[in-house]
Amino acid sequence: MHIDAISAAYIDLAFAIEQHVEGLVDAYVGPPELKQQAAQHAPEAIVAALADLRAQVQASDYPPQRKGYLEVQLRGMQTTARRLAGEPIAYRDEVRACF
């Protein structure tokens, strides 16, 4: 199975957050080595990496529907990472960003 760089980064960052928020990833059927290789990152590093990944998605040649889906997912992941990094986020803003 071929996993492109954006997808590999998405998986890595999802499992990086999972190390701080158990249960974030409720199902994964991809290559087990990607899950096992997920790096440990401080929440601040996850926030920065997600910002970079969001820019990569927007600059990619992915179809618009896939870009839109990933943007919503990445925004929610980044909001969770921001909260983990200690950034105060109003409940209403967190709900809007994550759901």
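The values are calculated or read from the model by the stated rules, or taken from the named source; none is laboratory data. All figures in this text were calculated on a predicted structure; none of them were measured in a lab. All Cβ positions, glycine included, derive from the backbone under ideal geometry; neighbour counts span all protein chains shown.
Please indicate, with yes or no, whether at least one residue in the range 65-85 is part of a loop (DSSP other than H, G, I, E, B) and loosely packed, with under 12 Cβ neighbours inside 10 Å. No: zero hits.
List every residue pair whose Cβ atoms sit under 7 Å apart, with the two residues 6 or more apart in sequence or on different chains, where the first one lies in the range 3-19 and is buried (at least 20 other Cβ atoms within 10 Å of the Cβ) and the second, anywhere, is among the polar types (S, T, N, Q) and part of a loop (DSSP other than H, G, I, E, B). Pairs found: A16/Q40. Among the conditions (1) surrounded by fewer than 17 Cβ atoms within 10 Å (Cβ to Cβ); (2) small (G, A, S); (3) at pLDDT below 95; (4) assigned to a helix (DSSP H, G or I), the only one that A39 does not satisfy is (4). The combined condition, being assigned to a helix (DSSP H, G or I) and within 15 Å of A5 (Cβ to Cβ), is fulfilled by Q56. Could you check how many residues of the range 1-19 are over 17 Å from K67 (Cα atoms), among the aliphatic types (A, V, I, L, M) and not in a helix (DSSP H, G or I)? Total meeting the criteria: 1. Would you check if there is a residue in the range 20-27 being assigned to a helix (DSSP H, G or I) and either out of contact with any Gly (no Cβ under 7 Å at 6 or more places or on another chain) or farther than 17 Å from I3 by Cα (or both)? Taking every residue of the range 20-27 in turn, none turns out to be assigned to a helix (DSSP H, G or I) and either out of contact with any Gly (no Cβ under 7 Å at 6 or more places or on another chain) or farther than 17 Å from I3 by Cα (or both). Scanning the range 52-61 for residues that are surrounded by 13 or more Cβ atoms within 10 Å (Cβ to Cβ) and either touching a Leu at 6+ places or on another chain (Cβ under 7 Å) or of a type outside the set (S, T, Y) (or both) gives L53, R54, Q56, V57.
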